[in-house]
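**Student:** Handing you a structure now.
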Amino acid sequence: MNLQQVSYANELEPEPGPRTLANPTTPWNSRLRELAKQRQFSQALTLYRHMLRSGCFPNTFTFPVALKSCALLLFPLLGSQLHAHVLRSGCESDPYIRTSLISMYCKCSLVHNARKVFDEIGQWRNFTICYNALISGYTFNSKIFDSLVIFGRMREAGLLVNSVTMLSLVSGCTLPNHLGIGMCLHGCCFKFGLDSDLSVANCLLTMYVKCGEVQRARELFDEMTEKNLITWNAMISGYAQNGLAGHVLELFRDMKLSKIRPDPVTLLGVLSSCANLGAQSIGSEVERQIEYCGFGSNSFLTNALINMYARCGNLVKARAIFDSMAEKSVISWTAIIGGYGIHGHGEIALNLFYEMIKSGIRPDETVFVTVLSACSHAGLTDEGLKYFDAMEMNYGLQPGPEHYSCLVDLLGRAGRLKEAMNLIKSMKVKPDGAVWGALLGACKIHKNVELAELAFERVIELEPSNIGYYVLLSNLYSDAENLEGVLRVRVMMKERKLKKEPGCSYVEYKGKVHLFFSGDRNHSQTEEIYRMLDELESLVKEIHPSSENEEILVGTGVHSEKLAIVFGLLNTKPGIDITVMKNLRVCVDCHLFIKLVSKIVNRRFVVRDATRFHHFSDGVCSCKDYW
DNA sequence: TTAGGGTTAG
């Protein structure tokens, strides 16, 4: 219970007052409804208090608004008092008030009280709205099975099932293991003829997205003859949350063609995809659209813009937007700290964290993940350990597996494998795939086959289809010239039907994306590119004889990042930075190649891979942790 | 009683 609620509760204690005929209820009720419509719920409750004090008696039109205000402000104590007022007023037999009471108790997580109200309904229980309120309440409290039981009773009683019933049920299927229930409910919607109801169809679409079935969601989306803004948003954010950024941009284009105007929710999904793809030109277009539509003050969008610019390599712009924000939330700080972190500016990231604390913002678990990863990218091992300890000691935050995986990564990269292993053993929470994966990555860097085998065994128990770990171990065996090991991993991959996602690199040039795969010969400048690459490779080999046995599982083709780098060299003037995006991680071989080329041709390269930015110039890379 | 949302390593 919060302080505000205590003050309300105390002030409500002696009410309701004596009923006077001189003070009619209707004008009070109209004002109450108006406030609720404007979502000014605390003001509505204040008005309710004044109403009682002035001797006006609440009626069946008063309680639903007051109860809804308590539900949305999470004031259970006040809600219980209102329940008492309802009983005193003799309105308890009104099914709408019963419904409001059930909903209020459920929103305040007092499901038992809600159930009591429901069970006491007696002669009034044959109302669909009461069943709907309880079903929705169970769903709200993640009790999908209880919802289904009530739904069953409702069917037995022969009550009318309407779209709200289905919305309340379907919205409870939010996890992949709910897919079966979700599909049955889809069948029910069809049976009751409710699947053509737009809100139900939108809810089903969201259910498929949340259960990880994006393809099914898309099929439903395509089948829908009527679509509204919510339909488009559900599909766009569904793709965005599942990392299908390319699909998001495609769908956004279709949406514009269908003349539906985007709202802030749409633009958020689009911006997060621009951030993932490094599509700065589309991101800037969205920024102009935000201004044009008057969404400039939406802090969700501003935070997304900071993230987008930082991830597209434009830290200056990201910082300018951050600095211009009047109110910076912990999320704004996380976005900018993370931005500096992925660019390898660990010290700036830590200074920003310090500034955040100074400005009175309480850090949360997420900001610590970005701080620890910033330390990791910048090779600031001891600082990272310090912040990890501070998390619990100074701020009372329990580290989760995501913090441990950062720390294992940090220690592992510094070669402190034993400490990393001991840290995992000391964990209070169960280590997840990322924790063992970080250890496996560290073993690869420091060529520790024995520990790698242990980490691999654990990690594939937890994430059997994550191809990256198989490649990592296979490459480690290959480094150690353990061909039997390489073969064993290959057989495992074949048995489990795992195929590596093809690596690709791309460059945005003159408004067009130039995409390259490994060994690609489809680009119009292929001849020139390969000729120049040959020349560069001979120059590089003169300075540094590089190893060629990386990524053996991919084959021996020319890596995509090399093609993209050379494309940039051929098409841009000296003095201009060449920016390349890669979907996976840059391999060691290419990392070295680009480093040396930057010295030979005296150019600066910026490469963004799956985890961070690499800034190459004069034979050096900005990241301190690349092996 | 009712569907869509920002920050997170590898």
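**Student:** Would you check which residues across the stretch A:278-293 are open to solvent by less than 30 Å² (accessible area, probe 1.4 Å), away from DNA strand B (no atom under 13 Å from the Cβ) and over 19 Å from A:VAL607 (Cβ atoms) and list them?
**Tutor:** Once the filter is applied, which keeps residues that are open to solvent by less than 30 Å² (accessible area, probe 1.4 Å), away from DNA strand B (no atom under 13 Å from the Cβ) and over 19 Å from A:VAL607 (Cβ atoms), the stretch A:278-293 yields only A:SER284.
**Student:** Follow-up. Output the number of the condition that A:ALA275 fails; it satisfies all remaining conditions of (1) crowded, with 16+ Cβ neighbours inside 10 Å; (2) more than 8 Å from DNA strand B (Cβ to nearest atom); (3) within 22 Å of A:LEU244 (Cβ to Cβ).
**Tutor:** All conditions pass for A:ALA275, except number (2).
**Student:** Another question, then. Within the stretch A:479-518, track down each residue that is of a type outside the set (A, V, I, L, M, F, W, C), open to solvent by less than 100 Å² (accessible area, probe 1.4 Å) and outside any helix (DSSP H, G or I).
**Tutor:** Residues satisfying the conditions are A:ASN482, A:LYS500, A:PRO502, A:GLY503, A:SER505, A:TYR506, A:GLU508, A:TYR509, A:GLY511, A:HIS514, A:SER518.
One line per residue, one yes/no per condition, for (1) free of Cβ contacts under 8 Å to residues at least 24 places away in the same chain; (2) within 16 Å of DNA strand B (Cβ to nearest atom); (3) over 30 Å from A:THR579 (Cα atoms):
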| site | (1), (2), (3) |
| --- | --- |
| A:ALA438 | no, yes, no |
| A:PHE456 | yes, yes, yes |
| A:TYR470 | no, yes, no |
| A:ARG488 | yes, no, yes |
| A:VAL491 | yes, no, yes |
| A:LYS494 | yes, no, yes |
| A:GLY503 | no, yes, no |
| A:GLU528 | no, no, no |
| A:LEU536 | no, no, no |
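**Student:** I've got another one for you. Looking only at the stretch A:409-422, which residues are within 9 Å of DNA strand B (Cβ to nearest atom) and not acidic (Asp, Glu)?
**Tutor:** Result: A:LEU410, A:ARG413.
**Student:** From A:ASP94, A:ASP146, A:ASP119, grab the single residue that is among the charged types (D, E, K, R) and within 14 Å of DNA strand B (Cβ to nearest atom). Lay out the reasoning, then the answer.
**Tutor:** Working: A:ASP146 fails: within 14 Å of DNA strand B (Cβ to nearest atom); A:ASP119 fails: within 14 Å of DNA strand B (Cβ to nearest atom).
After applying the criteria, what remains is A:ASP94.
**Student:** For the stretch A:321-412, which helices (runs of 4 or more DSSP H) that fit wholly inside it have 2 or more residues that are farther than 23 Å from A:MET308 by Cβ and charged (D, E, K, R)?
**Tutor:** Numbers: elements: A:330-342, A:346-358, A:365-378, A:381-395.
Fully inside the stretch A:321-412 and qualifying: A:346-358, A:381-395.
**Student:** Could you please find all residues in the stretch A:386-414 being open to solvent by 40 Å² or more (accessible area, probe 1.4 Å) and under 22 Å from A:CYS443 (Cα atoms)?
**Tutor:** Across the stretch A:386-414, the qualifying residues are A:GLU402, A:ARG413, A:ALA414.
**Student:** How many residues are over 15 Å from A:VAL170 (Cβ atoms) and either open to solvent by 40 Å² or more (accessible area, probe 1.4 Å) or not in a helix (DSSP H, G or I) (or both) if we restrict to the stretch A:144-157?
**Tutor:** Number of matching residues: 6.
**Student:** Inside the stretch A:378-402, can you point out the residues that are within 12 Å of DNA strand B (Cβ to nearest atom) and either under 22 Å from the mean Cα position of the chain (by Cα) or farther than 27 Å from A:SER622 by Cβ (or both)? Please lay out each step first, then the result.
**Tutor:** Our first condition is that a residue be within 12 Å of DNA strand B (Cβ to nearest atom); within the stretch A:378-402, this holds for A:378-379, A:384, A:399-402.
The answer is A:PRO399, A:GLY400, A:PRO401, A:GLU402.
**Student:** Considering only helices (runs of 4 or more DSSP H) fully contained in the stretch A:73-130, which possess at least 3 residues that are in the same structural domain as A:SER42 (by TED's automatic domain parsing) and over 34 Å from the mean Cα position of the chain (by Cα)?
**Tutor:** Passing ranges, in order: A:76-89.
**Student:** Taking interchain pairs and intrachain pairs at least six residues apart, which have beta carbon atoms under 8 angstrom, with the first residue in the stretch A:181-202 and open to solvent by 30 Å² or more (accessible area, probe 1.4 Å) and the second more than 13 Å from DNA strand B (Cβ to nearest atom) and part of a helix (DSSP H, G or I)?
**Tutor:** A:ILE181/A:ILE144; A:ILE181/A:LEU148; A:ASP195/A:HIS186
**Student:** Does A:ARG488 satisfy the condition of being over 26 Å from A:ARG608 (Cα atoms) and among the basic types (Lys, Arg)?
**Tutor:** yes
**Student:** Looking only at the stretch A:249-270, how many residues end up being part of a helix (DSSP H, G or I) and more than 11 Å from DNA strand B (Cβ to nearest atom)?
**Tutor:** The total comes to 9.
**Student:** Filter the stretch A:440-471 down to the residues that are closer than 17 Å to A:GLY415 by Cβ and part of a helix (DSSP H, G or I) and list them by number.
**Tutor:** Hits for the stretch A:440-471 are A:LEU440, A:GLY441, A:ALA442, A:CYS443, A:LYS444, A:ILE445, A:VAL449, A:GLU450, A:LEU451, A:ALA452, A:ALA455.
**Student:** Among the residues of the stretch A:160-174, is any within 22 Å of the chain's Cα centre (by Cα), within 13 Å of DNA strand B (Cβ to nearest atom) and either in a helix (DSSP H, G or I) or over 27 Å from A:ALA114 (Cβ atoms) (or both)? Before you say what the answer is, go through the steps one by one.
**Tutor:** Here is the first cut: in the stretch A:160-174, the residues within 22 Å of the chain's Cα centre (by Cα) are A:170-174.
Now narrow it down to the ones that are within 13 Å of DNA strand B (Cβ to nearest atom): A:170-174.
Adding the requirement that they be either in a helix (DSSP H, G or I) or over 27 Å from A:ALA114 (Cβ atoms) (or both) leaves A:170.
So far as the stretch A:160-174 goes, yes, one or more of its residues are within 22 Å of the chain's Cα centre (by Cα), within 13 Å of DNA strand B (Cβ to nearest atom) and either in a helix (DSSP H, G or I) or over 27 Å from A:ALA114 (Cβ atoms) (or both).
**Student:** Would you mind stating whether A:GLY296 is within 14 Å of DNA strand B (Cβ to nearest atom) and outside any helix (DSSP H, G or I)?
**Tutor:** Here the answer is yes, as A:GLY296 does meet what is asked.
The values are calculated or read from the model by the stated rules, or taken from the named source; none is laboratory data. Bear in mind the structure is a predicted one, so any value in this text is a computation, not a measurement. Please note: Cβ atoms are built from the backbone with ideal geometry, for glycine as well, and neighbour counts cover all protein chains shown. Surface areas here come from the heavy atoms of the whole protein model, side chains and all, with no ligands, DNA or RNA. Shrake-Rupley method; radii C 1.70, N 1.55, O 1.52, S 1.80 Å.
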